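Quick notes on the structure that follows.
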Amino acid sequence: MLALVGILTIAILLFCIMSKRLSPIVALIIIPILGAVVALYVVPLCQNGLEAVFPHYTTIPKMVLAGIAKLAPMAAMFVFAIIFFGVVSDAGMFDPIIAKILKVVGTSPKKIIIGTGVLALIAHLDGNGAVTFLITVPAMLPLYDKLGIDKKILAGITALSAGVNFLPWTGPMIRAAGALDVSTHDLFTPLIPAQLCGLAFMVFMGWYWGHKEEKRLGLVGAGNAAGAAEEDSDAITHFAPKELTEEERKLRRPHLFWPNITLVILVILGMVTTKIPPVVIFMVACCIALTLNYRKPAEQSARINAHAKGALMMASILFAASVFTGIMGESGMLKAMAASAGQFVPDGLSSHIPFIVSLVAMPLSLVFDPDSYYFGIMPVVANIGGFPPIQVAQASLLGQMTTGFPVSPLTPATFLLCSLCGVDLADHQKFCIPILWLASIVMAIGAVLTGVFPI
């Protein structure tokens, strides 16, 4: 009976979120509470009468608090991560990087496409897909227009670069860690070699697309390439980063580029190489970034307020998700569902489930939004047995709303990318889905070869 209530709870949750009948925050709080009421009150009442119900009247609040206690550090980390990267971006840390990339790529399609991928890689440091697209596409689009490079490639390389660049403070990583109550460090560190395989694949695709465009545009020969470069001798100055508004210029701190980039590098190294809790790293880094770039308290408050909306939204979702994970875990519904599901999985197949998940994780992005998958589907699969649950989370991160988010119709960032590039959604999906799925498979093979999970 407990398993059935759990299945119905998840099914109703998925339906409400995916059909947009309820917002994720409302669904993640109300639906599991109603499920717990049925499991702890209604069913015992029907079976054993009122005396079986009364002892449980404080149980649900305790379950909720247990879930909140587990996810609170992750929510705090995400809040300070958003503010930190927002502050260094406001201070202009990305400006010299963009200018340098534009200078290096010149008018070679190969260099332009690979340079686009590198720029998207850097812009995606904050884990925000929309910000990545807003930084990358406007900076590179004039070059694509000038040379006639297919803009589907601009969308494709940007999507690919952002997709393989999942970091410990990105949304899917935070959700996966919160759903299974594991640290982002334990999730992310073993996946670094697999991610490097994904980044190498991104560079290869940039070279491949660039080579095809050079052939199509008649720029294959060295003489033609040189002639094109001479013809567009003013391209480097023409394709400068976008003009800043007066407000943006006031926020820029160009003389603090090196201190800011050093701080970012130290944060990343701290996340990857130390056991310091990520929330502590970002809290300290955020304070340093604010003090370094904006000395006046009023300026610091203004920067915090500027990025508070995005931080509050993600923190709210995580705290709402803690209600779901707390109830599903503490009530025993999750274990009951996993035990029931495990009965249908042959013993010889159970150890292969993480690898199977890694192969289908990317297309699952087209069906499940991140909240539905990471808080509804993944925990059930992870608890089937025969393998460490963390392996399913790591397998999921190789595709579900990582390589999958730039083409998923469930994410607004997909439509933003298509709009900025001037590409039809159907054309974008047709062009990108096979490549992003292949990137996910390449990373899955890398994970198998490095022992993250067995094949």
- Query: Of all residues in the range 89-126, which are within 20 Å of the chain's Cα centre (by Cα) and either part of a loop (DSSP other than H, G, I, E, B) or among the β-branched types (Val, Ile, Thr) (or both)?
  - Reply: Thr116, Val118, Ile122
- Inspect all residues belonging to the range 355-369 and state whether any of them is under 30 Å from Ile29 (Cα atoms), over 18 Å from the mean Cα position of the chain (by Cα) and of a type in the set (Gly, Ala, Ser). no
- Message: Checking the conditions here, which among Leu154, Leu125, Leu147, Leu119 is surrounded by fewer than 24 Cβ atoms within 10 Å (Cβ to Cβ), touching a residue at least 12 places away in the same chain (Cβ under 8 Å) and under 25 Å from Gly86 (Cα atoms)?
- Response: Leu125
- Condition broken by Ala338, with the remaining ones in (1) within 27 Å of Ser23 (Cβ to Cβ); (2) part of a helix (DSSP H, G or I) satisfied: (1)
- Scanning the range 291-310 residue by residue, the ones that are outside any loop (DSSP other than H, G, I, E, B) and either more than 25 Å from Leu71 (Cβ to Cβ) or among the basic types (Lys, Arg) (or both) total 12
- Among the residues of the range 383-413, which ones are assigned to a helix (DSSP H, G or I) and touching a Leu at 6+ places or on another chain (Cβ under 7 Å)? Pro389, Ile390, Ala393, Gln394
- Item | Identity of the residue in the range 66-80, at pLDDT 85 or above and aliphatic (A, V, I, L, M), that ends up nearest to Leu251 (Cα to Cα) | Val79
- Residues in the range 411-445 that are under 21 Å from Leu167 (Cα atoms) and crowded, with 22+ Cβ neighbours inside 10 Å: how many? 7
- Message: Just to verify a result, which residue in the range 332-382, among those that are among the hydroxyl-bearing types (Ser, Thr, Tyr) and touching a Leu at 6+ places or on another chain (Cβ under 8 Å), is farthest from Val37 (Cα to Cα)?
- Response: Ser358
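Quick one: in the range 20-65, of everything that is among the small types (Gly, Ala, Ser) and surrounded by fewer than 17 Cβ atoms within 10 Å (Cβ to Cβ), which residue is modelled with the highest pLDDT?
Across the range 20-65, the extreme among qualifying residues is Ser23.
Search the range 259-286 for residues being among the β-branched types (Val, Ile, Thr) and loosely packed, with under 13 Cβ neighbours inside 10 Å, and hand back the single one that is modelled with the highest pLDDT.
Only one residue fits best here, namely Thr262.
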- Query: Does Phe431 satisfy being assigned to a loop (DSSP other than H, G, I, E, B) and of a type in the set (Phe, Trp, Tyr)?
  - Reply: no
- Query: Just a yes or no: is a residue in the range 163-171 of a type in the set (Val, Ile, Thr) and within 13 Å of the chain's Cα centre (by Cα)?
  - Reply: yes
- Message: Scan the range 251-258 and tell me whether some residue there is over 30 Å from Ser183 (Cβ atoms), of a type in the set (Lys, Arg), surrounded by fewer than 15 Cβ atoms within 10 Å (Cβ to Cβ) and modelled with pLDDT of 70 or more.
- Response: no
- Task: Read through the list (1) out of contact with any His (no Cβ under 9 Å at 6 or more places or on another chain); (2) buried (at least 21 other Cβ atoms within 10 Å of the Cβ), then give the number of the only condition that Pro406 fails.
- Result: (1)
- Query: Quick check: anything in the range 330-347 crowded, with 21+ Cβ neighbours inside 10 Å, out of contact with any Phe, Trp or Tyr (no Cβ under 7 Å at 6 or more places or on another chain) and under 25 Å from Leu449 (Cα atoms)?
  - Reply: no
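Does Val357 satisfy the criteria of being free of Cβ contacts under 8 Å to residues at least 40 places away in the same chain, within 21 Å of Met337 (Cα to Cα) and part of a helix (DSSP H, G or I)?
Here the answer is yes, as Val357 does meet what is asked.
The values are calculated or read from the model by the stated rules, or taken from the named source; none is laboratory data. As the structure is a computational prediction, the values presented were derived from the model and not from experiment. So basically every Cβ, Gly included, is an ideal-geometry build from the backbone, and we count neighbours across all protein chains shown.
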